[in-house]
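The values are calculated or read from the model by the stated rules, or taken from the named source; none is laboratory data. For clarity, every value in this text was computed on a predicted model and none was experimentally measured. Quick reminder, even Gly has a Cβ in these numbers, built from the backbone with ideal geometry, and neighbours come from all protein chains shown.
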Amino acid sequence: MIEVSHIAKIYHSDTRETYAIGDASFTVAKGEFVSIVGPSGCGKSTLLNMVASFMAPSSGTISVNGHRVVPGQIPKGLGYIFQKDTVLPWFTVARNIGLGLKFRGVPEPEIQGKVDRLLAMAGLKDCHDMFPHHLSGGMRQRVALLMTLACDPDILLLDEPFGALDSNTKMVLHKELLDIWQQLGQTIMMVTHDLDEAVTLSDRVIVLSAPPSRVVLDHRVDIARPRDVFSLRQSREFSDHVREIWGVLGREFKQVGKEALEHA
Ligand code: ADP
C-alpha cells in the first residue's frame, strides 16, 4: 500500500544543510498498522509529509497504492491527523466533522447521517451541538479523528496524534483507535516518540537511526488481537517487545544525546 524506496532528505537553508534522512526504505501492507519511532530530528515527520506529498524527497521514490507520489498531489484516499487537533473553534462538533464532506459537495442529509453514525461509533452523540472550547483536549482529538474518518480514508497518516495528552486519556484513545481500525481496516502509518504506544497499537515498529537516518530495525509485534490496551502493558510479551526494540532505539537516542551535548 505504501512503498518507501531509498528516500533521502536534505533541507537547504541560507546558512546550513540539514541531513535529515540518509537512506530509508520500507513498505506498509494493506490494512497494516505500522509505527515509526526514532530519536528527535531523525526525520519521522518529514517522512510522513513526503508520503502525503506535502514535500519532495531529495532522492528516492514513494508509492501509495501503486502510484508514485508527486509533490503537491495528495494520494487518493489519504487521511492525515496531526499532533495539534485541527478542529475549527467557530463550528459545532457536528459541523466540524462534516466539513470535509461539505467541501466535496456531499448533500446535507447525507452529511448529517454520516456525522451521526460517526458520533455514535465514538460514543460522542451528546457532543453534537457543542463547540470545541467546551471539550477536553482528548475529546477534541477524537473529533479531529472523526473529521478525518468522515471522508472514508483507506490510509491514515498519524503524526504523534496523542503526544499532547495525559497517559490516561491516551490509553482511552488507543482503545478507540484500535476499535475503529478493527472495524474499518485502514492502512495506518503512525509517527510517535512513545515506544509503549507503538508496541500497544502496531503490527510492526520501524526504528530510524540518528540523522541522517536509515532503518535500523523493522520489528514485528506478534501480540494477538484484539488487544486490551489497559492490561497489555503488564504482560511479559509486551515487555519483551519493548525491551527488544529499546535495545536498538536506545543506542540511537544515546547517539543523538551525545551529539547534542557536544554542540551545546
Ligand atoms: P522528527 O519528526 O524525527 O523529530 P523532523 O522530520 O521534524 O524530525 O525533522 C528532521 C530534521 O529536519 C530536524 O533536524 C529538523 O530541524 C529539520 N527540518 C524539518 N523541517 C525543516 C524545514 N522546513 N527546514 C529546515 N530544516 C527542517
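The rows are residues; the columns are (1) more than 16 Å from the ligand (Cβ to nearest atom); (2) acidic (D, E); (3) within 19 Å of the chain's Cα centre (by Cα).
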position: M50; (1), (2), (3): no, no, yes
position: S58; (1), (2), (3): no, no, no
position: V69; (1), (2), (3): yes, no, yes
position: R95; (1), (2), (3): yes, no, no
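Please determine, by comparing only the residues of segment 96-112 that are in a helix (DSSP H, G or I) and exposed (fewer than 11 other Cβ atoms within 10 Å of the Cβ), which one is modelled with the lowest pLDDT.
Across segment 96-112, the extreme among qualifying residues is F103.
When you look at D228, is it farther than 23 Å from A29 by Cβ, of a type outside the set (G, A, S), modelled with pLDDT of 90 or more and in a loop (DSSP other than H, G, I, E, B), yes or no?
Considered against the rule, which asks whether it is farther than 23 Å from A29 by Cβ, of a type outside the set (G, A, S), modelled with pLDDT of 90 or more and in a loop (DSSP other than H, G, I, E, B), D228 comes out as yes.
Those residues that are surrounded by fewer than 23 Cβ atoms within 10 Å (Cβ to Cβ), under 18 Å from G43 (Cβ atoms) and more than 10 Å from the ligand (Cβ to nearest atom), I need them from segment 193-203; list them, please.
Those that are surrounded by fewer than 23 Cβ atoms within 10 Å (Cβ to Cβ), under 18 Å from G43 (Cβ atoms) and more than 10 Å from the ligand (Cβ to nearest atom): D194, L195.
Would you say L135 is more than 16 Å from the ligand (Cβ to nearest atom) and surrounded by 17 or more Cβ atoms within 10 Å (Cβ to Cβ)?
yes
Counting only residues that are within 14 Å of the ligand (Cβ to nearest atom) and within 10 Å of S59 (Cα to Cα), which one in segment 1-20 is farthest from the chain's Cα centre (by Cα)?
I10
Within segment 158-182, track down each residue that is closer than 15 Å to G79 by Cβ and in contact (Cβ under 8 Å) with a residue 40 or more places away in the chain.
Answer for segment 158-182, where residues must be closer than 15 Å to G79 by Cβ and in contact (Cβ under 8 Å) with a residue 40 or more places away in the chain: L158, D159, P161, I180, W181.
Filter segment 31-47 for residues that are surrounded by fewer than 22 Cβ atoms within 10 Å (Cβ to Cβ) and more than 8 Å from the ligand (Cβ to nearest atom) and give the result.
If the condition is that a residue be surrounded by fewer than 22 Cβ atoms within 10 Å (Cβ to Cβ) and more than 8 Å from the ligand (Cβ to nearest atom), then G31, E32 are the ones that fit.
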